[in-house]
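See structure below.
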Amino acid sequence: MNTTSLSKIAWNRIPQARFAMWTLIAGEFVIFGGLIVVYLLNRMKYPGWGEMAMHTNVVAGTINTFVLLTSSFFVVKAHEAAVKKNVEKVKFWIWLTILCALIFLGIKAYEYTHEIHLGFTLSSPALLEQGKHVETLYWALYYTMTGLHGLHVVGGALALFFVMRNVAKTKSYFHRIEAAGLYWHMVDIIWIFLFPLIYLIH
Amino acid sequence: MSTHGKPQGLEHELWVPAEDDYHGHPNYLKVYIYLLILFAITVFASLIPNPMIVFIVVFSISIIKASMVILNFMHLKWEPNIIWYMLLLALIALAFLFLGLYPDTVPIERFFVPNG
Amino acid sequence: MKIFPENVSVYGDDIDFLFWLITIVAGLATLIVLFLVIYPVLTRKKHKAKENIYVKGEGFKQLKWIYLAIFVMAVADFSFLIIESDGWIKTQETLPEKDFHVAIVGKQWLWEIIYPGPDGKLYTSDDVKKFNTMIVPQDAVIHMDLTAYDVLHSVFIPHARFKFDCLPGRKITRWVEFTKSGEYPMVCAEMCGVGHSRMVGKVVVLPQEKFEKELAKIYKK
Amino acid sequence: MSTTHENKGFWHRFFFSLDHKDIGLQYLITTMFIAFFAGIFAMVFRIHLAFPDYHIPLFGIIDAKEYNILVTNHGLIMVLWLSMGILLATAGNYLIPTMLGTDDMAFPKLNKLSYWFFLLSVIILIISFFLPQKGFGGGWTLYPPLSVGDFGYNTPYKTFSDRFFSSNTFVLLAIALEFVALLMGGINFMVTLFNKRAKGMGLLQVPLLVWMIVIASILFMFSVGPLVAGTFMLLLDINAGTGFYDASRGGDPLLWEHLFWFFGHPEVYVILLPGLGILAEVITTNARKTLFGYKFILVLVLIATVLSLMVWAHHQFVAGVDPRAATVFGILTIIISLPFAGVILSFLATLWKSNLRLTLPMKWAMSAIVLFTILGGFTGLHLGAALFDMYAHDTSFVVAHFHYTLIPVVIFAGMAGFYHWFNKFSGRELNQFLGNLHFWLTFIFFNGFGIPLFLLGLAGQPRRYAGYDHIPYLSEGYLPLLREIATISAVILVLSQFIFIFNFIWSVYKGKKVTSNNPWQSTTLEWQTSSPPPHGNFEVYPVVYHGPYEYNRPGVDKDFLPQNQKI
């Protein structure tokens, strides 16, 4: 059986790096999905959360969404360059992506400091003093979801960096760019869901 | 890795080329621009005063955006079925989780014994 | 030798019946399984190697006995379900008209029983709180509000075949009706810390007149 | 044992090795090490229940807090570390590449990393015993709010270092790390199955055990996700003062129960499926018959996999879930018993009219089927009926039920596999007399322990009590006697495992060398190479021509036809 031709991909034939990455991504979806399910249900249960959502910085969130969408585009460009085995272009697009990740994290850090300044923290003792017990949970979930996502941004950027360095050094392993890129897209997709849930619905 | 003793003969049937890029490439720029347009719609839709409508509009656009990224940027369109099945199973699991949790979360009123 | 503790509630018989029904049906299935395991062992020498049947178990014709067994099992299972759903709806999903209302609140590690007080309403200022001993009238539907102050607890009255968890932050109302007066244990069935095994209260079931006298005594204090 | 690795030192072999066989053995030894303690715990708390005044050597007379710690850690270790460590990690690592006829896993480095995470989780779990709380004691289900504070006395932790260096935090970290380890392992298994099969081996020619381990890994991955998020939230509840499970802050303790059992029920199948796979291998080899209904079993298992994601709330029938939802979960629970009935019946059909060899692995396998079906499966019907569950929930009946589902799968099927493959991975033979002694002692005293527990549960004995003598209705009649029988049996059950450990160690060093690579005359690929397999598993990559269970095939002169042998 010769399976190299494009049209005859059987239902289970896929290179192993990509296969492993897709499996990982499916697993990550369930983790974040669990958090989003918890968030959605509590959001339905406590209408008071809408008021809390107004305290988030929509402008910063919008810029961040744009940054991540753009970085996703950069990663596919890097993949396109990797297919052509063009090391310089791969390096260029990956560096742009990592720059986007840094911008994202910077804006997120600015948001966090602002919110902590307002008294919204993981445990929000300030809200408790005002008698807003239920609302503390909103901020706990906010920090959990965005924090976990932020960790994935860091992880994805590091993965991209190391893969790029290895590719630049050895001039091979180009398929790893796509695998790391897949992970980066997953980070983007999670944000696509987090952004409206956290920032837009009041 | 260097200590690996490799057996003789054919390793295994060449299931797939390990590095060859055998899937198609959509026009990434076009997809990116569509994504930006949808993103703009999302942001403007959030200005609607009714939160329920905002939720429905914004969440469905999110699903469209996510599937565009998955299908085009992540090349799911060209991936074999097993990846689809796997993602489908993840969605099924999440749907069950949501349905199972719903009756025990949303309609429940909080209660504390007064003067407890 | 009795298997269950003596049944003193109106729905206890349903539960005992369900147990015996499933046990008997499962017992018949057990005999079949044992036969299917032991018979091949006893006759293992009879089959010379090549007399074996090379059956792959494909297609309906070869699998028909298994399909039949699964079908029979499905029928049995669903009849259990139908039989038990009556009792489940009666005990859990419906609340008959109440004769007496009481709240049981779990607390590490005792049961706090809240009686409604002279006004007959719970959670008002004249409520009376008692610990560990709950007095209830006989032959009367008793509504129990189950909740907890700190961690999860679970009210378990074995003689009444009643069990339900007490969760902090929510009120769950279930009912029970005792058919016989006496003292019955009320234990905690959910891990609640070091004193879990010492969290043993009792239910005192009294005939109506005697119960009213006792209740009046409690309210007086 | 180490014929192929003489030139490598201990550290190289048991810490840095990339070979999947070494990693499998690393898993085996680590899990046996930790399970040894869990077994001792069980012995100690059982003795405490039946003979509260007995001064237990090394432990003394244990108090309620120590009792809770022992029970909790017994459950945690047995379910999360032993069961998955043996059936998924050990069996998967050792057997998947050898059965698929390839040299190693798809990602050997990831495999090694996965073991390191597993080892780290074990170390962190052990550290949790040396923290001020002396171990976690809030029940293996870790239900908050009990698991958030000082589970012993409900006194909240004061400072951050108190909270972080507490047994709660460390146990949760250990669990999280173990999940990560098994997720990495699972990805590896899956990719290996799909991408590294021997030439000619179609997906339906893969031995059932490999399929079962891979399906179990996938199921594990999809069910564990929400619990990983939940564990993260519980860690924050303990350490950062959030209120995800605190009702006064808008959280909900029931949320944890849902997330936990959303994983916890599929977990039962994660353990069960590899067990069934081992049974399939052992039964076909010893029955000298082809497996009845290979595809049928595979389809049933796939159905059960999807169904198992929607039955979890039957652990919570009386935990405050909506009773109407409980009805739905009850129906689904009953439905999921049907596919497994089909699998067991297929195994029984394989035995039917067979020319079976009553070898030691076969004894383990057949008793696994009997015990699992009769006392584990059928009592599941009792508990699946929500109305009876209201009475039996959280009593010893449940304890007996899940011991009768897990022990046949983990111990009996696991031992069947161990005795079956021992001469493959060690190159030596086990002592048959000690093996038989181990089997019969385990079989008899497991029942001597389990059946009294059923009766105690029916008498209304709640679980996790550190003593029943102060409760009148539980200390009258024959109940104390039953507890004593159960305790003595449990003690002998645990002690008889020492026979096994002795036999294992003795046979590894002093056992008779195997004379044949394929002593059971089995067909699958791992038997077609030397014992133990060399580095890289095969001298020449095998080429596969047949399905995995070609026994007594018409037209073949021998009664078995190896997968890599042309007719």
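The values are calculated or read from the model by the stated rules, or taken from the named source; none is laboratory data. Predicted model only: the values in this text are computed from it and were never measured. Positions of Cβ are backbone-derived with ideal geometry, glycine not excepted, and every protein chain shown enters the neighbour counts.
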*Out of all the residues in region C:115-130, which are free of Cβ contacts under 8 Å to residues at least 24 places away in the same chain and in a strand (DSSP E or B)?*
C:Lys129
*Check B:Met86, B:Met74 and return the single one that is of a type in the set (A, V, I, L, M) and in contact with a Leu (Cβ under 6 Å, 6 or more places away or on another chain).*
B:Met74
*Restricted to region D:182-228, and to residues that are within 19 Å of D:Lys295 (Cα to Cα) and small (Gly, Ala, Ser), which residue is surrounded by the fewest Cβ atoms within 10 Å (Cβ to Cβ)?*
D:Gly202
*Among the candidates D:Ile283, D:Ile278, which residue alone is out of contact with any Gly (no Cβ under 8 Å at 6 or more places or on another chain) and among the aliphatic types (A, V, I, L, M)?*
D:Ile283
*How about region D:100-116: which of its residues are part of a helix (DSSP H, G or I) and surrounded by 19 or more Cβ atoms within 10 Å (Cβ to Cβ)?*
D:Leu100, D:Pro108, D:Asn111, D:Lys112, D:Ser114, D:Tyr115
*Which residue, of A:Glu28, A:Glu88, A:Glu80, is touching a residue at least 24 places away in the same chain (Cβ under 8 Å) and either more than 14 Å from chain D (Cβ to nearest Cβ) or in a helix (DSSP H, G or I) (or both)?*
A:Glu28
*Any idea which of D:Thr305, D:Thr285 is among the hydroxyl-bearing types (Ser, Thr, Tyr) and away from every other protein chain (no Cβ under 12 Å)?*
D:Thr285
*Would you check which residues across region D:12-61 are touching a residue at least 40 places away in the same chain (Cβ under 8 Å), touching a helix residue (DSSP H, G or I) at 6+ places or on another chain (Cβ under 9 Å) and not in a helix (DSSP H, G or I) and list them?*
D:Ser17, D:Leu18, D:Asp19, D:Phe51
_Matching residues, region D:287-304, being in a helix (DSSP H, G or I) and buried (at least 22 other Cβ atoms within 10 Å of the Cβ)_ = D:Ala287, D:Tyr294, D:Phe296, D:Ile297, D:Val301, D:Ala304
*Of residues in region D:118-140 being touching a helix residue (DSSP H, G or I) at 6+ places or on another chain (Cβ under 7 Å) and surrounded by fewer than 19 Cβ atoms within 10 Å (Cβ to Cβ), the one nearest to the other protein chains (Cβ to nearest Cβ)*: D:Lys134
*Would you check which residues across region C:131-142 are over 21 Å from C:Glu190 (Cα atoms) and in a strand (DSSP E or B) and list them?*
C:Ile135, C:Val136, C:Pro137, C:Val141, C:Ile142
_more than 8 Å from chain A (Cβ to nearest Cβ), out of contact with any Ser or Thr (no Cβ under 7 Å at 6 or more places or on another chain), outside any helix (DSSP H, G or I) and within 22 Å of D:Phe260 (Cα to Cα): is that true of B:Pro103 in this structure?_
no
*Do you know which residues across region D:388-442 are of a type in the set (Val, Ile, Thr) and over 18 Å from the mean Cα position of the chain (by Cα)?*
D:Thr395
_Among the numbered criteria (1) more than 28 Å from C:Gly195 (Cα to Cα); (2) out of contact with any Ser or Thr (no Cβ under 7 Å at 6 or more places or on another chain); (3) within 14 Å of chain C (Cβ to nearest Cβ), which one does D:Leu482 miss?_
(1)
*Could you pull out the residue among C:Thr173, C:Thr179 that is surrounded by fewer than 18 Cβ atoms within 10 Å (Cβ to Cβ), within 25 Å of D:Arg249 (Cα to Cα), of a type outside the set (A, V, I, L, M) and touching a residue at least 24 places away in the same chain (Cβ under 8 Å)?*
C:Thr173
_region C:1-40 - residue that is part of a helix (DSSP H, G or I) and of a type in the set (Phe, Trp, Tyr) and, of those, nearest to C:Val176 (Cα to Cα)_ = C:Phe17
_Can you tell me which of (1) within 16 Å of the chain's Cα centre (by Cα); (2) farther than 30 Å from D:Arg483 by Cα is the one D:Asn73 doesn't meet?_
(2)
_Filter pass, D:Ser161 being farther than 25 Å from D:Ala106 by Cβ and either surrounded by 21 or more Cβ atoms within 10 Å (Cβ to Cβ) or touching a His at 6+ places or on another chain (Cβ under 9 Å) (or both)_ = no
*List the pairs whose first member sits in region C:95-108 and is away from chain D (no Cβ under 12 Å) and in a loop (DSSP other than H, G, I, E, B), whose second member is of a type outside the set (D, E, K, R) and surrounded by fewer than 18 Cβ atoms within 10 Å (Cβ to Cβ), and whose Cβ atoms are under 7 Å apart, counting only residues at least 6 apart or on separate chains?*
C:Pro96/C:Val141; C:Glu97/C:Val141; C:Lys98/C:Val141; C:Asp99/C:Ala140; C:Asp99/C:Val141
*asked:* Please determine whether any residue of region A:115-126 is touching a Leu at 6+ places or on another chain (Cβ under 9 Å), more than 8 Å from every other protein chain (Cβ to nearest Cβ) and closer than 16 Å to A:Leu68 by Cα.
replied: no
*Identify, by number, the condition in (1) buried (at least 23 other Cβ atoms within 10 Å of the Cβ); (2) over 19 Å from the mean Cα position of the chain (by Cα) that D:Ser83 doesn't meet.*
(2)
*In this structure, does D:Gly264 turn out to be surrounded by fewer than 23 Cβ atoms within 10 Å (Cβ to Cβ) and away from every other protein chain (no Cβ under 12 Å)?*
yes
*Which of the residues belonging to region A:159-197 are crowded, with 21+ Cβ neighbours inside 10 Å and in a loop (DSSP other than H, G, I, E, B)?*
A:Phe174
*Across region C:74-91, what is the total count of residues that are farther than 18 Å from C:Arg174 by Cα and either more than 7 Å from chain D (Cβ to nearest Cβ) or surrounded by fewer than 17 Cβ atoms within 10 Å (Cβ to Cβ) (or both)?*
7
*Kindly indicate the residue of region D:190-210 that is modelled with pLDDT of 90 or more, in a helix (DSSP H, G or I) and touching a helix residue (DSSP H, G or I) at 6+ places or on another chain (Cβ under 6 Å) and also farthest from the other protein chains (Cβ to nearest Cβ) among those meeting that condition.*
D:Leu209
*Could you please let me know if C:Phe60 is modelled with pLDDT under 90 and under 18 Å from D:Pro339 (Cβ atoms)?*
yes
*asked:* Restricting to region B:5-38, give me the number of residues that are at pLDDT 60 or above and either within 26 Å of the chain's Cα centre (by Cα) or assigned to a helix (DSSP H, G or I) (or both).
replied: 17
*Could you please give the count of residues in region A:7-53 that are among the hydrophobic types (A, V, I, L, M, F, W, C), modelled with pLDDT of 85 or more and within 20 Å of A:Arg176 (Cα to Cα)?*
8
_Residue tally, condition of a type in the set (A, V, I, L, M, F, W, C), in a loop (DSSP other than H, G, I, E, B), within 14 Å of chain B (Cβ to nearest Cβ) and under 14 Å from D:Lys424 (Cα atoms), over region D:517-555_ = 1
